[in-house]
Structure formats: C-alpha cells, structure tokens
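Participant: This is the structure I have questions about; it appears just below.
What follows draws every value from the coordinates through simple rules; no lab data is involved. These figures come from a predicted structure and were not determined experimentally. Note that we place each Cβ from the backbone using ideal geometry, even for glycine, and neighbour counts take in every protein chain shown.
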Amino acid sequence: MIKSQFKITLQILTLLWFVSFNGYTQEHPSLILTKDGVQKIRKELGNVPLFDASLEHVKAEVDAEIALGIDTPIPKDYSGGYTHERHKRNFLILQKAGVLYQILDDEKYAEYVKAMLFQYEAMYKDLPVHPQTRSYARGKLFWQCLNDSNWLVYVSQAYDCVYNYLTQKERKRLEKNLFRPFANFISIDNPQFYNRVHNHSTWGNAAVGMIGLVMGDDELVHRALYGIEDDGLPIDAKDNDGGYIKTEGQEVGFLANVNEPFSPDGYYTEGPYYQRYAMYPFLIFAQALHNVRPEVKIFEHKDSVLLKSVNVLLNLSDADGEFFPLNDAQKGMSYKSREVVTAVDIAYQYGGHNPQLLSIANEQGQVLLDDSGLAVALGIRDGESTKFQKKSINLTDGANGNEGGVAILRYGNEDMALVYKYAAQGLSHGHYDKLSFSLYEKGKEIVQDYGLARFVNIEQKGGGNYLKENKTWAKQTIAHNTLVQNQTSHFNGTYEIGSKHHSELYFFDASDTNLKIVSAKESNAYPGTEMQRTMALIKIDDFERPFVLDILKVASQTKNKYDLPFYFMGQVIQTNFNFSFPKIAEPLGSENGYQHIWSEGLGNPNADNSKLSWLENGKFYTLTTASQKEDELQFVRIGANDPEFNLRRDAGLIIRRKNTQNTTFVSVIESHGNYSPVSEFSVNSNSAISKIELVSDTKEYTSVIIQIKANGEKLMLVMANNDKDPDKEHTIKIKNKEYRWTGPYIFIKIK
C-alpha cells in the first residue's frame with residue numbers, strides 16, 4: 001500500500017512539473033552538452049591535455065567516416081553482419097559528429113548529421129520489422145529492439161546538438177516520420193520488451209525518454225519514467241532466455257529499473273558484465289534528466305544509488321580492470337569500455353568530484369566531450385588524481401539488500417582476490433551457482449568461473465548471439481566451483497524456482513589485514529539439504545603468498561552423491577594420487593552440463609590428504625584437500641558434445657563423494673614459488689603444507705587444522721556454525737585442550 005501511494009504521489013508530482021515545463025522555452029543543446037558547457041569547453045581548448053587528445057581522436061574518426069560517405073543499408077543481419085555493424089557504427093558516429101559541431105562550430109558536422117537523419121527518415125517510414133526472427137522483440141534497424149534502443153539513445157544526443165541548425169519544418173518532419181514512430185515502436189508496439197525490469201528495458205526507457213526530452217514531449221518522458229500503463233501483457237510472460245517479462249504487481253519504467261535491480265549498496269543483480277552495459281543508459285539518461293528536468297532529482301533517487309553503483313562496478317574488477325565474470329559475462333570486458341568511460345565521468349561530475357575516479361579515467365585514456373568529461377580532464381590536469389582503492393567488500397543483492405550478495409576478499413595491492421557469490425538469481429542472465437567462487441592473483445585467473453557461452457558480435461558463431469551451450473553448460477551448476485548433488489543443478493536448473501530463493505550471509509569480516517573471511521548458507525538449492533561454505537584469505541609469515549581456506553559443510557536428510565569441482569587454470573605439475581586414463585573418451589553424464597565434460601582420468605586418494613599442483617603464468621599452485629578413503633578424484637575437460645567448438649577446452653578436478661548424507665569438504669589453495677623459462681630456474685615449487693585435518697565437525701562447531709611443513713607448527717580455524725553473534729562467548733575442547741573465544745570464529749597458531 002505504501003509503495004502504491006508513493007508511486008501515485010510521484011506521478012502527481014511528475015504531472016505538475018510537466019505542466020510547469022510547458023511554459024518554459026528549452027535551450028539546445030541541453031541533453032548532455034549544455035549551452036554554458038559548450039562555451040566553457042571552447043575557452044579551455046588547447047589547455048586540457050586529456051580532453052584535447054580525446055577531441056582529436058574523435059575528430060579523426062568522424063572525418064574518416066564523412067570521407068567514406070553515408071550508408072544506411074536495408075537491415076538483414078544478426079550481430080556481426082554488415083548491416084548490423086553499419087547501423088551501429090552510424091549511431092556512434094552521429095552522436096560524435098553532433099558533439100563536434102557544438103565544440104568546433106563547424107557546419108560540416110551538422111550537415112553530416114542532418115543528411116544521415118533524413119536518410120533514416122526516408123527509410124524508416126516504410127521499414128518492416130527485421131527479417132531475422134530469433135528475438136522475442138524484433139527491431140526494425142536491428143534484429144532486436146534492444147539495438148534499436150541503442151540507436152535512439154545515441155541519435156537523440158546528435159539531434160539535440162543540431163536542433164537549432166535545423167529549420168522548424170525539418171524538425172517537424174524528422175519528429176513526425178522518424179523519432180515519434182521510432183519511440184512508439186520500441187515501447188507501445190513492443191511492451192514485452194519495454195515494460196519490464198531488465199537491462200533491455202532500461203535501454204528502451206532511456207531511448208524514449210531522451211528523444212522526448214529533446215522534442216519537449218511530456219508524454220514520452222512520462223512513458224520513459226513509468227512505462228506503459230495498459231500494456232496488454234499476460235502475467236508471467238517470458239522472453240527467449242526464460243526470464244520473466246512481467247510478474248504480478250511489478251512496477252515498470254526507468255525508475256523501476258533503478259529501484260529493483262540495484263541493491264542499496266549499488267550492486268546490480270544481473271552481475272558486473274551487464275551492469276557495465278546498462279550503466280550507459282542509466283547514467284546518460286540521468287544526466288539528461290538532471291540538465292533538462294532537475295525537479296526529478298534523479299541523482300538523489302534511492303539514496304544516490306546510480307552514483308554509488310559506479311564505485312561498486314569498479315570494485316567488481318580484477319587488478320587489470322577486467323570485470324569478474326559473474327552470471328552471463330564475456331571475459332575480458334573491462335572498465336576501459338565506452339560505457340564505463342561515461343559512467344566514471346558522470347559520477348565524477350555529479351558525485352562530489354571523487355579524486356579516485358580520476359585515476360580510473362587516466363587509465364581509460366579518454367573522456368566524454370561534454371561538461372563532465374571536461375571536469376574530469378581538468379581534475380587530472382590540475383594534479384587532483386589519487387589511486388582508486390579496491391578493498392575487501394561485501395555487496396548486498398536485491399532491491400532492499402536482503403537477497404544474498406557477493407563478497408570480494410582482497411589481500412594487499414590486489415596480490416590475491418577471492419570472489420564469493422551467494423547472490424540472488426540475477427534475472428534471466430543468472431546462473432545456477434550458489435556459494436561458488438573464483439580466484440585471481442594480480443589479475444590472472446587461478447580458479448575460474450566459465451562466464452558465458454557466446455562470441456559477442458562474431459557473426460560466424462550463431463550470429464554473435466547466445467549459443468545453446470550457454471543453457472546446457474555455462475548456466476549449469478557443474479560449470480562452477482560449487483557443490484553439485486546427484487548430478488543435478490541447483491533448483492533443478494529451473495528459473496521459476498531459482499528466482500524465488502537466495503543464499504543467506506552468515507558473516508563477513510575483513511577487519512584483519514591478514515585474515516579476510518566470509519561464510520554463507522544455502523538451504524533451497526536442493527530440498528532437504530543445507531550447504532554452508534566458509535572461505536578465508538589468509539597471509540602469515542610461514543607462507544610466501546596468501547592462501548585460501550575453503551570449508552564446505554553439507555547436511556542432508558538423505559544420502560547423496562556430491563561433486564565439488566575446481567576449474568584450475570594451467571598445466572598439471574604433480575599429484576600425490578594415482579589415476580588411470582579411460583581407454584575411450586566419454587562424457588561424465590548426459591544432462592545438467594555433465595554431457596559437456598570429458599572424463600580424462602580417475603583416481604582415488606592414497607592418503608588422508610590429496611594434492612594437485614599446477615603451473616600458470618610462471619607461478620606454482622597447489623590444491624590440498626582433506627580426503628576420505630572412498631572419494632573419487634576425477635580429472636575432467638570441457639568440450640564433450642560440442643561439435644562446433646563453442647566451448648573452451650579448460651580443465652578441472654572434481655572431488656566426488658558417494659552415498660553420503662552429511663559431510664564436510666576442506667581444501668586449501670596455495671600460490672607459491674615461480675618458474676622462469678629464460679633462466680630455467682624453478683623456485684619453491686612445492687606446497688608449504690604437510691597436512692590439513694578436519695579435527696572436529698558437529699552441528700554446533702567445525703574445526704580445521706593446517707600443519708606447516710617447514711616448522712611443524714599448526715594453524716587452526718574454529719567455526720561456530722549456528723550462532724554468528726559477535727558478542728557470543730564460545731568454549732570447545734579439541735584434542736584434550738580447551739579453547740575460548742568471542743564471535744563466530746577463531747583463527748590461531750598452535751605451537
């Protein structure tokens with residue numbers, strides 16, 4: 001009821017400032033560039049190195065396109081095909097040409113924008129929907145409405161820049177035949193695309209809103225903020241990925257897309273890859289609203305969550321600036337992308353001039369050619385930049401911050417980073433991988449998350465779209481470093497079930513420089529089974545570099561087969577167990593992702609600890625795991641049932657425990673030593689651990705001891721499994737010795 005009243009109040013206020021706006025004569029440009037900002041930019045030209053370099057780069061790019069001439073081909077291709085890429089190139093160049101006209105006051109750029117807009121106007125009037133039928137919402141210029149929305153977001157900026165260059169008659173013609181029909185097509189004609197909470201609809205909302213702001217069309221701006229009131233969509237309609245298009249009681253429009261996917265911390269539930277993509281429409285439309293409709297106070301909305309989210313996104317990257325591949329994510333995407341250049345500049349301008357953002361902008365090597373880009377370039381020129389500090393951080397998920405989250409444990413200057421996911425489903429781009437993790441050292445993957453199965457914009461690979469292996473492999477639980485029960489994915493790999501549940505944080509503690517720890521529980525992935533995974537990043541003098549302690553406790557009502565995979569990156573160096581190779585290569589199973597992994601070798605423990613060592617990027621790594629006699633140690637390789645080579649041939653080790661009800665997996669991952677192919681010297685290539693032991697394990701407490709090889713000393717972690725109260729006092733007897741502590745855990749060295 002409160003939520004509904006809030007929405008009604010907002011709509012009344014919105015209508016009031018719509019009415020007041022009708023009496024106001026809007027200046028142009030005002031969307032992203034402003035009239036005052038253009039004058040300031042012109043005065044500073046030649047005195048701001050990063051801005052000047054960005055301007056020269058854009059000028060050379062646009063001049064080259066002008067020399068080639070204008071081409072607006074009849075659409076026919078998927079992503080990566082000529083017509084798709086040409087229209088994409090056109091909207092990017094149109095926006096840049098409009099900016100150049102304003103900054104350089106050179107009419108050739110305005111003429112170029114005008115000529116291309118009228119070429120699109122002549123085409124669009126009679127343009128049918130795109131001939132490719134794969135999308136749940138086909139576009140006209142592109143195979144999906146998403147890309148059509150990309151086009152309008154950028155082109156609305158170009159139109160704003162040349163608005164006063166065009167005659168009233170020319171503007172009327174463009175708006176009647178191109179812009180209004182375009183906005184209506186991606187919204188009213190495609191409510192299944194537009195009226196939802198998803199990164200797709202965010203682009204659609206921003207597109208309709210931005211062209212509405214340029215044209216002074218109040219109805220379009222209202223439609224952008226609040227969606228279409230009567231869209232005719234059935235409840236629980238779905239898109240091609242199985243994600244809900246509409247659920248009962250769901251609010252829609254741009255403000256809903258700010259409210260719902262972002263947690264109060266600024267974490268975006270689809271994950272950093274799609275947050276990066278959505279940050280452009282979120283922040284470019286927010287900047288436009290701030291400039292044209294300041295009454296909305298968009299940068300203050302939901303406690304300034306859009307500005308917060310930029311810092312969060314930067315924290316979700318490795319030492320090289322590449323985003324952690326949570327959920328659907330293409331590896332290698334980094335904060336040097338054009339969307340994050342936009343996000344950083346706008347966040348700096350409207351978020352209090354945080355000097356740490358300047359160091360990121362400096363790495364990006366470019367700024368926007370607008371007011372915010374100038375502010376950033378001036379800050380860098382004037383020596384105000386300080387290094388962006390990535391810290392250990394726990395980010396809540398869900399609109400209210402109560403749907404799990406993602407924790408990142410970091411040591412030192414990103415010497416080691418552990419990414420631990422206990423989040424919500426992540427909408428239709430989510431994967432079934434509760435309590436999964438990945439591990440990085442200095443930006444290099446050590447234990448990997450697979451990411452997505454897609455070759456973005458590579459036409460030869462399924463038109464650049466998602467491949468079927470994304471559902472059959474990348475989303476499945478076995479593709480991740482987390483527990484699989486009875487070779488079945490979490491929530492049975494069913495979106496409707498997964499969307500209802502999330503893991504629960506037990507505790508997070510990053511207060512100690514040398515010990516960062518997180519623990520979370522999952523009780524819905526498998527009915528009747530509860531998992532608790534505790535992961536710690538530890539640095540002590542006896543170890544060359546930080547190591548990871550991983551404790552995964554499973555309690556079930558029945559006996560099951562448990563698989564725990566570790567997808568390591570590198571060349572196997574040594575094991576302390578024997579294994580046999582299959583005479584005939586066979587997949588490990590027939591469904592739930594198992595059909596895509598080859599069984600390469602099967603072994604059994606020779607001792608109460610099993611070790612696997614590998615070499616990657618000149619460093620040695622060792623996985624030590626506490627073994628049970630009947631465990632199976634299965635070497636696997638991705639790529640079975642993959643005739644088109646859509647999957648990478650990466651390796652993994654699966655620890656399999658059969659016919660077991662309650663159990664605890666304990667493992668340590670070390671980084672140690674180095675190898676130089678130049679000197680051909682191998683240094684410290686062996687593990688520093690002589691033994692790890694699960695010394696006690698009850699419903700109330702779990703304790704693990706790590707014995708150091710060099711001096712025989714022991715490290716012990718004791719967990720209180722059911723009481724996380726930081727003030728609670730605990731007492732436990734281990735090997736005839738009593739230990740007392742306060743809080744959910746204790747980590748000590750035993751002499």
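Participant: In what sequence, highest mean first, do 308-317, 712-721, 211-220 appear when ranked by Cβ atoms within 10 angstrom? Can you show the working numbers first?
Facilitator: Working: 308-317: 22.7, 712-721: 18.9, 211-220: 20.9.
Answer by packing, highest mean first, reads 308-317, 211-220, 712-721.
Participant: Defining a contact as two alpha carbons under 8 Å apart and six or more residues distant in sequence, what relative contact order in percent does the chain show?
Facilitator: Numbers: 1629 pairs, mean separation 59.7, N = 751.
For the chain, the relative contact order is 8 percent.
Participant: Report, ordered by chain and residue number, the aspartates and glutamates lying within cross-link reach of residue 629, taken as a straight Cα distance under 18 Å and ignoring same-chain residues fewer than 8 apart.
Facilitator: Within the straight-line cut-off, residue 629 pairs with 563, 608, 693, 697.
Participant: Still on this structure, please answer the following. So for the stretch 369-467, Kirkwood radius off the Cα pairs, Stokes-Einstein at 20 °C and 1.002 mPa s: how many µm² s⁻¹?
Facilitator: This corresponds to a translational diffusion coefficient of 126 µm²/s.
Participant: Could you list which residues have their amide H under 5 Å from that of residue 573, counting only those 5 or more apart in sequence or on another chain, with H placed in the peptide plane?
Facilitator: Placed amide hydrogens put 613, 614, 615 under 5 Å from residue 573.
Participant: Using alpha carbons only, how many angstrom separate the centre of the stretch 572-627 from the centre of the stretch 32-54?
Facilitator: Spelled out, the Cα-based centre of one part sits 58 Å from the other.
Participant: Okay, moving on. With a cap of 11 neighbouring Cβ atoms within 10 Å, and only residues DSSP puts in a loop, list the trypsin sites (Lys or Arg not before Pro) found in the stretch 100-170. Mind dumping the intermediate values first?
Facilitator: On the way: sites: 108, 114, 125, 134, 138, 140, 169; in loops: 125, 134, 138, 140.
Qualifying residues, ordered by number: 125.
Participant: Below 21 Å, Cα to Cα, which lysines can residue 302 reach? Residues fewer than 8 away in the same chain don't count.
Facilitator: Excluding near neighbours in sequence, the set is 3, 7.
Participant: For every helix of n ≥ 4 consecutive DSSP H residues, a contribution of -39,500 (n - 2.57) applies; sum these over the chain, divide by its total residues, and give [θ] at 222 nm rounded to the nearest 500 deg cm²/dmol. Before the final figure, lay out the partial values.
Facilitator: Values: 18 runs with 233 residues, N = 751.
Value at 222 nm, helices only, nearest 500: -10000 deg cm²/dmol.
Participant: Roughly how many Å is it from the Cα centre of the stretch 266-291 to that of the stretch 126-155, as a whole number?
Facilitator: 21 Å
Participant: Related question: Enumerate the lysines that residue 442 could reach by cross-link, defined here as Cα to Cα under 24 Å, with residues fewer than 8 away along the same chain left out.
Facilitator: Straight-distance partners of residue 442: 331, 336, 387, 390, 391, 421, 516, 539, 611, 619.
Participant: Continuing with this model, one more query. Can you list which of the trypsin sites (Lys or Arg not before Pro) found in the stretch 334-399 are DSSP loop residues with at most 16 other C-beta atoms within 10 Å?
Facilitator: Sites meeting the loop and neighbour criteria: 336, 387, 391.
Participant: How many times 2.2 N^0.38 Å is the alpha carbon radius of gyration of the chain? Can you show the working numbers first?
Facilitator: Values: Rg = 27.8 Å, N = 751, 2.2 N^0.38 = 27.2 Å.
Normalised by 2.2 N^0.38 Å, the Cα Rg of the chain equals 1.02.
Participant: What's the longest piece of the chain with no exposed chymotrypsin sites (Phe, Trp or Tyr not before Pro), counting a site as exposed if DSSP puts it in a loop and it has at most 13 other beta carbons within 10 Å? Can you show the working numbers first?
Facilitator: Values: sites that count: 24, 645, 681.
Value returned for the longest uninterrupted segment is 25-644.
Participant: Would you work out if the stretch 506-591 is rounded, prolate or oblate? Take a ≥ b ≥ c from the square roots of the eigenvalues of the alpha-carbon gyration tensor; rounded if a/c is under 1.5, else prolate when a/b is larger than b/c, oblate otherwise. Before the final figure, lay out the partial values.
Facilitator: On the way: a/c = 2.95, a/b = 1.19, b/c = 2.47.
Oblate shape, in that a/c is at least 1.5 and b/c is the bigger or equal ratio.
Participant: Okay, next question. Scaled to the compact-protein estimate 2.2 N^0.38 Å, what is the alpha-carbon radius of gyration of the stretch 393-750, rounded to two decimal places? Don't skip to the answer; put the middle values down first.
Facilitator: Values: Rg = 20.0 Å, N = 358, 2.2 N^0.38 = 20.6 Å.
With N residues counted in the stretch 393-750, Rg over 2.2 N^0.38 Å equals 0.97.
Participant: Could you pull out the trypsin sites (Lys or Arg not before Pro) across the stretch 466-521 that fall in loop regions by DSSP (anything but H, G, I, E, B) with no more than 14 other Cβ atoms inside 10 Å? Write down the numbers at each step before the final one.
Facilitator: Working: sites: 468, 471, 475, 500, 516, 521; in loops: 468, 475, 500.
Within the stretch 466-521, the qualifying trypsin sites (Lys or Arg not before Pro) (loop, at most 14 other Cβ atoms within 10 Å) are 468, 500.
Participant: What list of ³J(HN,Hα) couplings, whole Hz, do you get for the stretch 488-499 from phi and the Karplus terms 6.51, -1.76, 1.60, once you set θ to phi - 60° and write x for glycine and proline?
Facilitator: Those phi angles translate into 10, 5, 3, 6, 6, x, 10, 4, 4, 6, x, 5 Hz.
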